[in-house]
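The values are calculated or read from the model by the stated rules, or taken from the named source; none is laboratory data. Note that the structure is predicted; figures quoted are calculated from it, not measured. Glycine also receives a Cβ, built like all others from the backbone with ideal geometry; neighbour counts cover every protein chain displayed. All accessible areas refer to the heavy atoms of the entire protein, side chains included, with ligands and DNA or RNA removed. Shrake-Rupley method; radii C 1.70, N 1.55, O 1.52, S 1.80 Å.
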Amino acid sequence: MIYVRKKAGPLDIYKYLPKINCKKCGEKTCMAFSSQLIERKVELKDCPHLKRESFKALEEILAPAVREVVFGKPTVSVGGEKVLYRHELTYFNQTAIAIDIHDEMGKEELSKRIEFVNNFAHERIGETLTLQAIAIRNRSGDVEKFDKCVEETAKQTKKALILCSWNSEALDKALRIVGDKKPLVYAATKNTWKEVGELAVKYNCPVVAFADNDISELKSVVNALQRMGINDIVIDPGSHLDSCTLNNFVMLRRSATNEDKVLNRPILGIPAAVYLQSGDGLKEAMAASLMMAKYADLIILHNIEIWALLPNITLRQNLYTDPRRPVRVEAGLKEFGSPDENSPVLLTTNFALTYYTVASDIESAKVDCYLIVLDTNGIGVEAAVAGRQLSASRVKKVIDETGIEKKIRHKKMVIPGLAARISGELEQLSGWKVLIGPKDSSEIGRFIERER
Ligand code: SF4
């Protein structure tokens, strides 16, 4: 029996590798390959010399603490996380967000909600944030109505589907229509695990195990499904706006990272249930943010008002940004508006959040200008000055590299207020006049106006 260590380091992996540095995997050494395996940038099959036993041992070592479950076509992956805290490694699969619809909605409302999910896209720091799935609820309890709603929805969307019914007959009929799209089937309970499990096997679809605020009952439902040969299981411990719900989420994720082999499953949170219990969109939004922060791998929302959605998709983006790699943009010379030889030249760093804030402030101030984006490895202005990624010599170098001097008649540069301390040295090194700009880029428009 191999001891499974979740936070395996490169050395733990290296000892199973052939150690011949043949480079056939695309890496220079077996040690480099082992580091890339941890990062999930290469796969075990990329090494042609791995022996069967080593392959199996490494598969077990590298298996994520939380099993990954894939549903929908195109696919949505949930779970697959290795660590409890993001800073221990990183999180890999962001919380998938589904919006609910139900079989008592009028045609128009149904189409409107589906269209909203299809088209929802929000650009933030260079990333397009979207919604991943539609959860279809059998609110009527009627098999035919659910059937029709599922059929209609499938016609109108390519998003992944979650089929939600307590009635296995309704699920069966719906799966006859959309089983090939690999929907997530909701839900197997202590009373229905057999029928719902059989459907999951028959249609080869992942399934949700549900037990309301009862972890041992949840465990026995998962066990029963596992005994039927089902491995793609998502767990729903019930969603309420109370501390029990969060306790359950935390307990489940802790046990997964402590190598629980039953409850090591992606967690489903349903803030929509909070909405239905309270009729309060704000409470639902709060539940969603708490659930995402505390390990929900998939959530179902009801309220699609933008004030509720935006903070949560922004939070999700922040949670799932790799803490080891600051988000960055391409460095170089950017032009805003129609700059000419007299236009101002500004400087910033390539930390994405800084860049997009500065860019949007320049755009809203309608300033025609050049912006030099210095490569600081994605570090913001103040920290980059402290760490010397933003120094007078580096700015001088980027002035030469960008060829900005050929585009302008003046030699004046506005540097961020937070980089004021490099101004003297920069003037000496570059021969440019350095203006210390505002600390807050929202002041750029007024600053440029004053300097004209
Ligand atoms: Fe090492 Fe295998 Fe990569 Fe060759 S292919 S360098 S043996 S890991």
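Some observations on this one:
- Every listed requirement among (1) over 30 Å from residue 234 (Cα atoms); (2) in a helix (DSSP H, G or I); (3) among the hydrophobic types (A, V, I, L, M, F, W, C) is met by residue 20 save one, (2).
- Residues located in the stretch 23-78, provided they are within 14 Å of the ligand (Cβ to nearest atom), in contact with a Lys or Arg (Cβ under 9 Å, 6 or more places away or on another chain) and aromatic (Phe, Trp, Tyr): 55
- Which listed residue, of 387, 380, is over 13 Å from residue 348 (Cα atoms), within 33 Å of the chain's Cα centre (by Cα) and open to solvent by less than 70 Å² (accessible area, probe 1.4 Å): 387
- Any hit, the stretch 52-68, residues being under 21 Å from residue 267 (Cα atoms), in a strand (DSSP E or B) and in contact with a Leu (Cβ under 9 Å, 6 or more places away or on another chain): no
- Extreme residue, surrounded by the fewest Cβ atoms within 10 Å (Cβ to Cβ), among residues of the stretch 117-167 that are among the small types (Gly, Ala, Ser) and closer than 14 Å to residue 101 by Cβ: 140
- All positions within the stretch 54-107 that are among the basic types (Lys, Arg) and either within 22 Å of residue 11 (Cα to Cα) or open to solvent by less than 10 Å² (accessible area, probe 1.4 Å) (or both): 56, 82, 86
For (1) buried (at least 22 other Cβ atoms within 10 Å of the Cβ); (2) more than 20 Å from residue 189 (Cα to Cα); (3) charged (D, E, K, R); (4) within 15 Å of the chain's Cα centre (by Cα), each residue gets a yes or a no:
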site	(1), (2), (3), (4)
240	no, no, no, no
260	no, yes, yes, no
266	yes, no, no, yes
270	yes, no, no, no
281	no, yes, no, no
293	no, yes, no, yes
306	no, yes, no, no
310	no, yes, no, yes
316	no, yes, yes, yes
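- Scanning the stretch 254-279 for residues that are touching a residue at least 40 places away in the same chain (Cβ under 8 Å), in a helix (DSSP H, G or I) and out of contact with any strand residue (DSSP E or B) (no Cβ under 7 Å at 6 or more places or on another chain) turns up 254, 256, 257.
- Checklist (1) in a loop (DSSP other than H, G, I, E, B); (2) closer than 24 Å to residue 122 by Cβ; (3) of a type in the set (Asp, Glu); (4) open to solvent by 50 Å² or more (accessible area, probe 1.4 Å) applied to residue 363, failing item: (1)
- Residue in the stretch 200-210 that is touching a residue at least 60 places away in the same chain (Cβ under 8 Å), open to solvent by 20 Å² or more (accessible area, probe 1.4 Å) and closer than 19 Å to residue 134 by Cβ present: no
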